[in-house]
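Data first, discussion second: the structure below is written as structure tokens.
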Amino acid sequence: MNFDLDEIVIEERCRPSALAARVIRRAPATVPVNFIADAREAIRPASDAADPFGAGKRRMVVMDRRAPFLMTCPAGSSEFACCGYLVLVLASNCPMDCSYCFLQEYLADNPAFQVYANYANALDELERARRRTPGRALRVGTGELADSLAFDRMTGISRDLVEFCASRDGLLLELKTKTDEIDNLLTVDSRGRTLVSWTLSPPHVFSSSEKRTASPADRLAAAARVLEAGYKVGFHLDPVIAYPGAERDYLALLDDLFDTISPARVAFISLGGLRMTPALRSAARRRHPHDLLLCGEEVLAPDGRYRTFTPLRASLLRALERRIAAASPAITRYLCMEPPSIHRRVLGEAPPSAAALGAALAGR
Ligand code: SF4
């Protein structure tokens, strides 16, 4: 996939880094590469831009990260049954532009696409976390504030990460993507310690709401290739968006998935309904006024997010859960950011603890 860039900005102190050298070498000839003394000057939103968040997606800033790289998953809270994994922040923002993306709110004041040249420090943090928890499997993902593989052909970060985890017991790396940028992955032996997960949506949602992402068919084809190369694969049907015909479309998507990849080789499938805070909903409707899928009549839920009316959402998720279980009851299924009441309606039981779910996912 080729993502358009208007500019690449490199912080002077990062100029000697391996990452900056790779980005400079692989940058398209038409994209100017500029240097700046302090990158914090370059990551403020352009006040004159009509859509500062959209403009930030086209401006890559290579800089040092001043904060820790390792965080607990921001989705985790006492209200939600969460899978309890760790997030490694290696980049911030994404060149793709999904209408529902929470980054439109989360990064609204800081929208430049940042890639961190000092990511070797992230591996040191990960190693320290691993040593602090001997005997326990850690799941760590890079796809929370950015797509894990977007621009990987320029940054090459995935190779270092996969090789790092391949040589250490107790780590399972999860790369999460909506791209088909897998060429670097195919050159590394993951030793089964990296799982690549794709968020999947029906073609109708892809064309309406997921600008510049790989098509659903291309995502599945990429998943089949990394599986054959020795990686594990998982899938997120999240967000599931309710619209007329949604159940038919999402069931057809599951059929496509299981026609491409044997259910026995799917590590997990997560499900979660569309949810948006009022601020995200306003930003999304402002930035994507032609996306009819954002015009549903969601209900303000007790957690302060707009969600699909509960009976409709539970019915849709339940239909998908049944289809997955029919394909293989052994596939680990879980709900993301859904309250316990929805767990009981969809999965027929209370949510597992974060530790139990994390252990189940780490063992897949
Ligand atoms: S691919 Fe993910 S991170 Fe990128 S815009 Fe879409 S939802 Fe956001």
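The values are calculated or read from the model by the stated rules, or taken from the named source; none is laboratory data. As the structure is a prediction and not an experimental result, all values here were calculated from the model. FYI the Cβ positions are ideal-geometry reconstructions off the backbone, even for glycines, and counts take in every protein chain you see.
Count of region 193-240 residues, restricted to those that are touching a strand residue (DSSP E or B) at 6+ places or on another chain (Cβ under 8 Å) and buried (at least 18 other Cβ atoms within 10 Å of the Cβ), is 28. So for region 161-176 (the condition being within 16 Å of the ligand (Cβ to nearest atom) and part of a helix (DSSP H, G or I)), does at least one residue qualify? Checked against the condition, which is being within 16 Å of the ligand (Cβ to nearest atom) and part of a helix (DSSP H, G or I), region 161-176 yields no hits at all. Is region 309-324 home to any residue that is closer than 29 Å to residue 169 by Cα and out of contact with any Cys (no Cβ under 7 Å at 6 or more places or on another chain)? Among the residues of region 309-324, not one is closer than 29 Å to residue 169 by Cα and out of contact with any Cys (no Cβ under 7 Å at 6 or more places or on another chain), which makes the answer no. Just to check your reading of the model, which residue among 160, 183, 147 is among the acidic types (Asp, Glu), closer than 20 Å to residue 58 by Cβ and modelled with pLDDT of 95 or more? Selected residue: 147, the only one of 160, 183, 147 that is among the acidic types (Asp, Glu), closer than 20 Å to residue 58 by Cβ and modelled with pLDDT of 95 or more. The residues on offer are 317, 271, and the sole one that is part of a strand (DSSP E or B) and buried (at least 17 other Cβ atoms within 10 Å of the Cβ) is 271.
Taken together, 162, 188 contain a single residue that is in contact with a Leu (Cβ under 7 Å, 6 or more places away or on another chain), more than 22 Å from residue 16 (Cα to Cα) and not charged (D, E, K, R), which is 162. Do we have residue 305 as within 25 Å of residue 54 (Cα to Cα) and either free of Cβ contacts under 8 Å to residues at least 40 places away in the same chain or exposed (fewer than 15 other Cβ atoms within 10 Å of the Cβ) (or both) here? Spelling it out, residue 305 is indeed within 25 Å of residue 54 (Cα to Cα) and either free of Cβ contacts under 8 Å to residues at least 40 places away in the same chain or exposed (fewer than 15 other Cβ atoms within 10 Å of the Cβ) (or both).
Being surrounded by fewer than 16 Cβ atoms within 10 Å (Cβ to Cβ) and in contact (Cβ under 8 Å) with a residue 24 or more places away in the chain is the filter; apply it to region 257-267 and report the residue that is farthest from residue 228 (Cα to Cα). Within region 257-267, the match that is farthest from residue 228 (Cα to Cα) is 264. Hey, among the residues in region 205-222 that are of a type in the set (Ser, Thr, Tyr) and assigned to a helix (DSSP H, G or I), which one's nearest to the chain's Cα centre (by Cα)? The extreme case among them is 209.
Applying the criterion of being of a type in the set (Asp, Glu) and within 16 Å of the ligand (Cβ to nearest atom) to the residues of region 187-238, the residue that is farthest from residue 164 (Cα to Cα) is 210.
For region 94-138, a residue qualifies if it is within 16 Å of the ligand (Cβ to nearest atom), of a type in the set (A, V, I, L, M, F, W, C) and not in a helix (DSSP H, G or I), and the qualifying residues are 94, 96, 98, 101, 102, 107, 108, 112, 113, 115. Whether a residue is within 15 Å of the ligand (Cβ to nearest atom) and either in a helix (DSSP H, G or I) or out of contact with any Ser or Thr (no Cβ under 8 Å at 6 or more places or on another chain) (or both) was assessed, and residue 181 passes this test.
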